[in-house]
Amino acid sequence: MLKLLLTAALAAVSVCYTTPNATNSSTTFTNPILDTVGADPWVFRYDDYYYMTYTNNDNITLQRSKVLTDWNNAESKLLFKPPPGMNYSTDLWAPELHNLNGSWYIVFTADPRNDSPPPETEMWCEYNCPAVNHRMYVVEGVGPNPWTASYTYKGELDTYNQFAIDGTYFQHNDQLYHIYSCWYRQYDGWPANLCITKLSNPWTVSSPFAERQIISVPEYAWEKTPFGRASNDRLSSNEGPQQLVNPETQQNFLIYSAARSDNRNYCLAQLELVGDDPMNPGDWRKHPYPVFYQNPGAEAYGVGHASFTTSPDGKEDWIVYHGMRDPTNGWGARTIRAQKFTWKEDGSPNFPRPGYGPYQVPGGQ
């Protein structure tokens, strides 16, 4: 995923703290839930707060809010800013904050050169590959809650010295996995696929390269850019994977983004773990159609890179995602939105059509 520098977002996250937001007394809200440019939202609820991180390219900033549907006056706290000259100093993308084994772990994408590999590197790629040096990294937070924890750089998640973006943690049967967007080989350029490896702890990959598995590739027309491209796989992507478990049936889904992130066709797709081994590609079943996609009638385009949370009363499930109103303006047009979703009779998620509302606020807000 090639993301434009979100300079408009920097002002919102360049300070350590901002004024706390008041409880929203309105019964409805409209999208977006944050007025500034923003992409790749990661939202979760802990105690009485919602917490959010998103791509700002320069650092990892955590926001917290009493309400899910208005982040314009949320508290903001800088968690990690890399020193210059490191392999993870630039283009920080898609940070996620997970609570694992009593500690907090931020998994994020970064590179050393602002997506500018020298010609001696890029000449090996079949297509233009400015993200060839992107890798996955981990920051550890020690403390009882995400806001007061102390965060320090932990290390690089091994992706075998190959392109890796949008990594997430996936948990199944007491085993932790790393699922991320990958290429087949180091200098492929495209397509971007979904890879999985085993972890021995949140910062250490235990799978050798021979055991790395590719569990999804852009195979359908809607996963390619332009739509249905037949000549080559340039810019065809599977990325932004997120685990989603049905709370009633315990069915295990992986919701991921497909196509190209600055394009109107960017959408969400679905894998379901129908076997018991996430490392076996045959144990995953891909839905043949996108499960969340553009709604031109509502001027909602490029909807993807979602995370999932619940309402304050715990009775509703919510999707938080980014989209754009102007699909011709690319990455700089993305804003963060939220909507309620339900579940189908077969246990799979039933996502709404994306739009702007007004919508009812989450239950208990």
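The values are calculated or read from the model by the stated rules, or taken from the named source; none is laboratory data. Everything numeric in this text was worked out from a predicted model, so none of it was measured. Here the Cβ positions follow ideal geometry from the backbone for every residue, glycine too, while neighbour counts run over all protein chains shown. Areas reflect the complete protein model, heavy atoms only, side chains present, ligands, DNA and RNA absent. Shrake-Rupley method; radii C 1.70, N 1.55, O 1.52, S 1.80 Å.
Listed by first and then second residue, the pairs linking a residue in the range 220-233 that is free of Cβ contacts under 8 Å to residues at least 40 places away in the same chain to a residue that is assigned to a helix (DSSP H, G or I) and not basic (Lys, Arg), with Cβ atoms under 7 Å apart and 6 or more places separating them unless they lie on different chains, are PHE227/ALA221; GLY228/ALA221. Restricting attention to the range 228-240, the residues that are open to solvent by 10 Å² or more (accessible area, probe 1.4 Å) and within 24 Å of VAL132 (Cα to Cα) total 7.
Selection within the range 133-185: residues that are of a type in the set (Val, Ile, Thr) and crowded, with 19+ Cβ neighbours inside 10 Å. The member of this set that is nearest to LYS198 (Cα to Cα) is ILE179. The residue of the range 107-128 that is farthest from ASN87 (Cα to Cα), among those that are of a type in the set (D, E, K, R) and surrounded by fewer than 18 Cβ atoms within 10 Å (Cβ to Cβ), is GLU126. Annotation note: Cβ proximity below 7 Å between a residue of the range 263-283 that is touching a residue at least 24 places away in the same chain (Cβ under 8 Å) and a residue that is assigned to a loop (DSSP other than H, G, I, E, B) and open to solvent by 50 Å² or more (accessible area, probe 1.4 Å) (sequence gap 6+ or interchain) occurs for ASN265/PHE227; TYR266/ARG260; CYS267/TYR293; ALA269/HIS287; GLN270/HIS287. Of the residues making up the range 73-113, just one is touching a helix residue (DSSP H, G or I) at 6+ places or on another chain (Cβ under 9 Å) and either of a type outside the set (A, V, I, L, M) or within 25 Å of TYR177 (Cα to Cα) (or both), namely SER76. The single condition from (1) open to solvent by less than 40 Å² (accessible area, probe 1.4 Å); (2) at pLDDT 95 or above; (3) under 20 Å from ASN238 (Cβ atoms); (4) not aliphatic (A, V, I, L, M) that GLN213 fails is (1). The residues in the range 241-255 that are open to solvent by less than 10 Å² (accessible area, probe 1.4 Å) and either in contact with a Gly (Cβ under 6 Å, 6 or more places away or on another chain) or at pLDDT below 95 (or both) can be counted, and the count is 1.
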